[in-house]
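Report on the structure given below.
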Amino acid sequence: MKRINQEAIAWFTRMNGEPSPADRRNFENWHQASPAHASAYQEVVTTWSSADMPGAEVAAEEADQLNQYLLAVQAVRVRRNRRNVLAGTAASLFVLFAGFHIWLDHPHFLQDLSADYVTARAERRTILLSDGSQVTLDADSALAFKTSDGLRHAQLLRGMAYFDVKSSSTPFEVEAADGKTRVTGTAFSVEVHEQDVVVNLERGAVTVSSASQDQQAHLTPGQSVNYNKNGVGSVQSVLIDDALAWREGRLIFDNFRLQDVIEQIGRYHNGRIVMIGSSLAEYRVSGNLPIDDTKAALASLQATVGFKIYELGSRLMVIR
């Protein structure tokens, strides 16, 4: 029952944030799977509603929504009169702090339930798949894998992965966001950055396709391509050792969005790093950073870009 309650809180915070169409479908499947699920979810909704709190902001992953969460905590303390505040405030604070705990420590709680392999923050792990292929997962990544008679199918749910695929007549396919990468035996990496996906080829050959636009790109060693819901981009040459340096604990980048660099560093931070400001997120940076030491990496970026870092406790950092 405790697990169902945790799932209900996680779904509540997700559905009151910015749920994707896939989130909505998955929520409906979970909600209808058991009366216990529906009951637990309704209890969270009732508790939240009885306190008149703006629940939509708790699950959000952007800084302005985090600010709204903090304001909501303050509002709980001042809005109720002393006669009826105790029970309602205690209940609403429980949901607030449970949601904040999920946001801070387990933001991908629901996603991890559908994964076969998950790495924690600051953890890199090499996995031997059932077909004999090897996968190295970057920190805070999740992967699902299954085989059928005619296909070896991996789904990178988040993060980054390096695939060393065992040669076979059975195709090996990696699904990530709105596209797929298909091979029979080769070595390559796949990176998920929100809705953008980057594929880097070390050896062999791969075909990268976009499901939404029915476009394809064919890579040879030392090439890279990105895709998203708008289709497949142009094939680019890449320094493959630099692109795969994360496997050795370094992040080497040239003219990258600051948001993407912070996202990668955040996978190694024991907590959350939140960036405020869209213009700051789009700032272009280059460098060579030790991602195993997040404070050193952030200090190096700070010296280059000049942003400010606010530490809220030992776990939460806000950059603006």
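The values are calculated or read from the model by the stated rules, or taken from the named source; none is laboratory data. Since the structure is predicted, the reported quantities are computational estimates derived from the model, not experimental observations. Heavy atoms of the whole protein, side chains included, go into the accessibility calculation; ligands, DNA and RNA do not. Shrake-Rupley method; radii C 1.70, N 1.55, O 1.52, S 1.80 Å.
Here is how the numbers come out for the structure above:
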| item | result |
| --- | --- |
| Segment 219-267 shape via C-alpha gyration tensor axes, a/c threshold 1.5 | oblate |
| Bins of 5 Å, starting at 0 and running to the largest distance - Cα pair percent for segment 107-246 | 2, 11, 22, 24, 22, 14, 5, 0 |
| Percentage relative contact order, segment 278-320, counting C-alpha pairs under 8 Å, at least six apart | 24 |
| Cα centroid of segment 127-165 to Cα centroid of segment 242-309, whole Å | 26 |
| Spatially proximal lysines relative to Lys180 (Cα-Cα < 17 Å; intrachain offsets below 8 disregarded) | Lys146, Lys229 |
| Proximal aspartates and glutamates relative to Lys308, as straight alpha-carbon distance under 18 Å, when same-chain residues fewer than 8 apart are discounted | Glu62, Asp64, Asp260, Glu263, Glu282 |
| Probe 1.4 Å, accessible area per residue of segment 226-320, Å² | 51 |
| Where Rh is the Kirkwood radius over Cα pairs, Rg/Rh for segment 145-223 | 0.93 |
